[in-house]
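For reference, the structure is listed below as structure tokens.
Taken together, the values in this text are just the output of simple stated rules run on the coordinates, not laboratory data. All figures in this text were calculated on a predicted structure; none of them were measured in a lab. As a convention, Cβ positions derive from the backbone with ideal geometry for all residues, glycine included, and neighbour counts pool all protein chains shown.
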Amino acid sequence: MKPAVPPHRMRARALAGSALLVLAGCGSQPPAPQWQREAHGAAERAVQAYFEGRERVEQAEFDRARAALSRTGDPAQLARLELLRCAAQIASLDTAPCERFAALAADANPAEQAYARYLEGRASAADVALLPQAQRAAATASGAPLAAAVAAQPDPLARLVAAGAGLVRGEASPQLVQLAVDTASQQGWRRPLLAWLGVQIGLAERAGQEQEAQRLRRRAAIARQEP
């Protein structure tokens with residue numbers, strides 16, 4: 001019998017399903033070069049640490065990924081990494097400008113430039129056609145269809161990114177917010193969970209549902225607890 005996979009490794013593997021994290025080659029291809037394997041592993045660990053609120057680990061791993069990618073001398077590789085960081089921030093409802101990607105955007109490929117505009121809530125129809133398949137339906141939907149499009153995505157990171165991009169566009173239906181809360185909770189991702197719970201608390205307060213708001217505040221207090 002194979003040993004059980006620890007929960008943190010299962011969550012890390014879930015992250016690897018995102019197209020933005022596939023910095024290493026597929027198994028059917030020749031072995032990826034060392035820099036690519038190092039960058040992939042570090043980027044995966046960085047996003048995991050970011051979502052868990054472990055800031056020092058996050059920064060160290062992103063620095064490690066950047067160092068590996070910089071050995072190529074290819075700014076497009078660094079732009080892809082920074083776009084991953086931007087996506088993780090949007091998944092956690094951090095809408096601050098992605099300045100590191102902006103500094104490299106001129107050397108990013110058209111699909112990645114389109115993805116950056118999608119994260120900012122200003123994707124054009126031409127941009128949508130260049131998005132990863134998992135994001136296209138969510139990029140043009142609103143209301144219940146948006147929640148359904150997000151729910152249909154099997155990858156939890158892609159699901160949260162699509163939900164966050166929807167909120168940036170002004171789409172914050174209770175169904176979408178609940179889906180994001182459930183996704184973050186199931187993965188044990190504290191940072192996005194607290195962000196989406198904050199939105200959910202606001203919705204409850206505006207609806208005059210004070211008991212529900214209090215329940216959600218208790219849940220957020222638990223999520224903030226450090227071991």
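Scanning segment 136-148 for residues that are of a type in the set (A, V, I, L, M, F, W, C) and within 16 Å of the chain's Cα centre (by Cα) yields Ala138, Ala139.
Considering only residues in segment 172-227 that are closer than 23 Å to Gln48 by Cβ and small (Gly, Ala, Ser), the one that is surrounded by the most Cβ atoms within 10 Å (Cβ to Cβ) turns out to be Ala180.
Would you mind stating whether Ala103 is more than 18 Å from the chain's Cα centre (by Cα) and either of a type in the set (Gly, Ala, Ser) or loosely packed, with under 15 Cβ neighbours inside 10 Å (or both)? So Ala103 passes the test. From the list Leu130, Leu119, the one residue that fits, being in contact (Cβ under 8 Å) with a residue 40 or more places away in the chain and in contact with a helix residue (DSSP H, G or I) (Cβ under 7 Å, 6 or more places away or on another chain), is Leu119.
Which helices (runs of 4 or more DSSP H) sit wholly inside segment 132-227 and have at least 2 residues that are under 25 Å from Ala96 (Cα atoms) and not aliphatic (A, V, I, L, M)?
Numbers: elements: 133-140, 143-151, 156-168, 174-187, 190-206, 210-224.
Helices (runs of 4 or more DSSP H) meeting the threshold: 133-140, 156-168, 174-187, 190-206, 210-224.
Residues in segment 204-214: is at least one of a type in the set (A, V, I, L, M), touching a helix residue (DSSP H, G or I) at 6+ places or on another chain (Cβ under 9 Å) and under 17 Å from Gly164 (Cα atoms)? Break it down into steps so the answer makes sense when it comes.
We begin by selecting, within segment 204-214, every residue of a type in the set (A, V, I, L, M); these are 204, 207, 213.
Filter once more, keeping what is touching a helix residue (DSSP H, G or I) at 6+ places or on another chain (Cβ under 9 Å): 204, 207, 213.
Within this subset, residues satisfying the condition of being under 17 Å from Gly164 (Cα atoms) are none.
Scanning segment 204-214 turns up no residue that is of a type in the set (A, V, I, L, M), touching a helix residue (DSSP H, G or I) at 6+ places or on another chain (Cβ under 9 Å) and under 17 Å from Gly164 (Cα atoms).
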